[in-house]
Amino acid sequence: MKKIVLAGGCFWGVEEYMSRIDGVIKTKVGYANGLKENPTYQEVCTGTTGHAEACFIEFDENIISLEKLLFRFWRIIEPTWLNKQGGDIGHQYRTGIYYIDKEDIPVIESTLKVEQEKYDKPIVTEIKPLTSFYEAEEYHQKYLKKNPNGYCHINLDA
C-alpha cells in the first residue's frame, strides 16, 4: 500500500471525498508538518502551531495510481489561494501535498505542471516531505459520515 498526506482546507471534506475513491483503503484526519507535538484542534485553530489540517491516505496502487489520486485532489482545491479554502481562512487551511516516499516527487511535480496550465496565478500548494502527522481527535474522524449535513466546502461529486 502507498501512503500520502493531502491538505485541502478543512480536513472533513478532504477525508470524505478521498474515502469515496476506489482503491483508497484507509483515511484519517490530523495535523501535518507543524511545530508542536500532539497538538489539539483548539491549538491548531490558533494558527500558532504551524500545522495544516490534513488527511492521511493509504491506497492500493494496483487500483488507483498516485497520479490519478492527485488529479482527483487538484479537482477539489483552489490551489492559487494562500492559507484559505472555501470559507476557511488561516495557515492551518493551506493546501499541501506531503509525501512519505521521495520516489513520488516526479509524479507530484508532473501533476503540478499540468495543473498550473489551468491558472494565470501561480499555484501555492505546498509540496514537501511529511515531517510530522498527529491524528486528530476522534470526533473529527469520518466526521461527514457521522454528520452527513455537516459543513463541507468541497464538491464531493467532483
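Throughout, read-outs are computed from the coordinates displayed, never taken from laboratory work. Predicted, not measured: the structure shown is a model, and the values here were computed from it. In this analysis, Cβ positions are derived from the backbone assuming ideal geometry, glycine residues included, and neighbour counts consider all displayed protein chains.
Fewest to most neighbouring Cβ within 10 Å: what's the order for VAL24, VAL44, VAL107?
Listing VAL24, VAL44, VAL107 from fewest to most nearby Cβ atoms yields VAL107, VAL24, VAL44.
Rounded to the nearest 500, what is the chain's calculated 222 nm mean residue ellipticity when only DSSP H runs of at least 4 contribute -39500 (n - 2.57) each, over all residues?
So the calculated ellipticity at 222 nm is -7000 deg cm²/dmol.
Counting only C-alpha contacts under 8 Å and six or more residues apart, can you give the relative contact order of the chain as a whole percent?
About 34 percent, as a whole number.
Normalized C-alpha radius of gyration of the range 2-146, against 2.2 N^0.38 Å?
0.97
Lysines near LYS113 by alpha-carbon distance under 17 Å, same-chain residues fewer than 8 away left out - which ones?
Those lysines meeting the cut-off are LYS68, LYS121, LYS128.
Neighbouring Cβ atoms within 10 Å as the yardstick, rank CYS152, CYS55, CYS45 fewest first.
Placing the least packed residue first, the sequence is CYS45, CYS152, CYS55.
Can you list residues from other chains, or at least 5 along the same chain, whose modelled amide H is less than 5 Å from the amide H of ILE123?
So ILE123 has HN proximity to no qualifying residue.
Distance from a point 7 Å along Cα→Cβ of ILE64 to each backbone N in the range 125-158: keep the residues under 18 Å and list them by number.
Correct set: 142-145, 153-158.
If amide H atoms are built 1.01 Å from N in the plane of the peptide, which residues on other chains or at least 5 residues away come under 5 Å of the amide H of ILE25?
The list, which skips near neighbours in sequence, is GLU58, PHE59, ASP60.
Amide H of ALA136 versus every other amide H placed in the peptide plane: which residues, excluding those fewer than 5 positions away on the same chain, fall under 5 Å?
Distant-sequence amide H within range of ALA136: VAL29, GLY30, TYR31.
Please arrange ARG75, ARG94 by counting, for each residue, the other beta carbons lying within 10 Å of its beta carbon, fewest first.
Ordered by Cβ neighbours within 10 Å, fewest first: ARG75, ARG94.
Which whole-Hz couplings ³J(HN,Hα) result when phi for each residue of the range 139-146 is put into the Karplus expression 6.51 cos²θ - 1.76 cosθ + 1.60, θ = phi - 60°, listed in order with x for Gly and Pro?
Karplus values, whole Hz, x for Gly and Pro: 5, 7, 5, 6, 3, 6, 6, 7.
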